[in-house]
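The values are calculated or read from the model by the stated rules, or taken from the named source; none is laboratory data. Worth saying up front: this structure is predicted, and the values here are computed from it rather than measured. Using ideal geometry, Cβ is built from the backbone for each residue, glycine included, and neighbour counts are taken over all protein chains shown. Surface accessibility is based on the protein's heavy atoms, side chains included, excluding ligands, DNA and RNA. Shrake-Rupley method; radii C 1.70, N 1.55, O 1.52, S 1.80 Å.
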Amino acid sequence: MASVHRSLTRDNEQSVPSTEIVRNFPVWQSKSNDRPVYILHHGRPRSVLLSLDQYGELLAGLGSQNEREERLYQQLDTVLVYSPVMFIQVSRDLRVLRVNRTAAIHLGRSASELAEKPLENLFPPAHARKISETARKVIGTGMAAQLTMKSSVGVGHYYRLDIAPFPPGAAIFWSDVTHDTEFDALRAWRETQDVLLSMMTGCATGEIGEDGILAGVHASLRRLLRRRQESIAGIGFADLFDEESRRKCLLHVQHVMAGKGPVCCRADIITRDRGAVPIRLFLAPKMDGDDVASVLFTILDDSLGNLPMR
């Protein structure tokens, strides 16, 4: 007795278990003239039965291998035209195959002028050899690499080059990382400053928000006041001082916040175990463009004279 099978459908698709198609291949072959038949293995699509006409249309839509590669490169070129990152593609012998507009502008030559040029000719002698050696190693090993270099043209400019395998050779992406490098240098400077402050007594630093509230509590301020962080955090800067100094300090903070420049004064700050202590206060603006974002302060304990080492 012929087996009875109900084909599984999903939208306009038709599918059939592999055992059924073996038993009734002529039936499903005929059905595939209409639309593809998905052949299931343990309930999951594994193969597709297509008519010759459908297969021909599919191949025509995909195009030849060369056509498919050309479409891929055209899509890549479209992306690279609008990319702010500079891009160069090189062959195995390190000759330029493709350059995006950003790189051409930076190098001061058109893409056509750069085509087939040796990679070493694109960069200053100080960096050309290192870049070429790294690109050659990337092509040989298939492992991406990264270089950070100081510009030999623009003073204080830093560039990062990411070199990755890209048939038939390698792709080089490079971008200006001056801002990131400066930020890293600033962070290192701040960390060193914190170490120096931790070695000293009678010296404290911090930041005041535009509302006059302490913006974070530096360890040096806690040490000077002999107070825990929770007892200082969130209070007004002027509240750190005795009554006679409070108004003066508040006016000085407002002066700096109004963009009228840095100031310094003498005042008495309240500590936990020494009472009111005479200090020298220095206030300066922290700028955000043309606006004052906050006020930075430094406090020196006048009672310690020459600020002896801890």
Condition (residue is open to solvent by 80 Å² or more (accessible area, probe 1.4 Å), modelled with pLDDT of 90 or more and in a strand (DSSP E or B)) applied to the range 269-279: is it met by at least one residue?
no
Result of the Cβ filter at 6 Å on the range 24-39, keeping first residues that are assigned to a loop (DSSP other than H, G, I, E, B) and partners that are of a type outside the set (S, T, N, Q), at least 6 apart or interchain, is S32/L49; P36/V48; P36/L50
For the range 128-150 the number of residues that are over 17 Å from V90 (Cα atoms) and touching a residue at least 24 places away in the same chain (Cβ under 8 Å) is 1
Selection from the range 97-139 of residues open to solvent by 20 Å² or more (accessible area, probe 1.4 Å), more than 16 Å from G169 (Cβ to Cβ) and hydrophobic (A, V, I, L, M, F, W, C) yields I105, L107, A111, F123, A126
Residue set D242, D184; condition charged (D, E, K, R) and at pLDDT below 85; output residue D184
Residues of the range 78-96 being more than 22 Å from the chain's Cα centre (by Cα), surrounded by 15 or more Cβ atoms within 10 Å (Cβ to Cβ) and either within 13 Å of S175 (Cα to Cα) or touching a residue at least 40 places away in the same chain (Cβ under 8 Å) (or both), in sequence order, are Q89, V90, S91, L94
Of (1) open to solvent by 70 Å² or more (accessible area, probe 1.4 Å); (2) free of Cβ contacts under 8 Å to residues at least 12 places away in the same chain, E244 fails just (2)
Discussion item. Condition check: open to solvent by 20 Å² or more (accessible area, probe 1.4 Å) and either under 18 Å from D302 (Cα atoms) or not hydrophobic (A, V, I, L, M, F, W, C) (or both). Does S231 satisfy that?
Written reply: yes
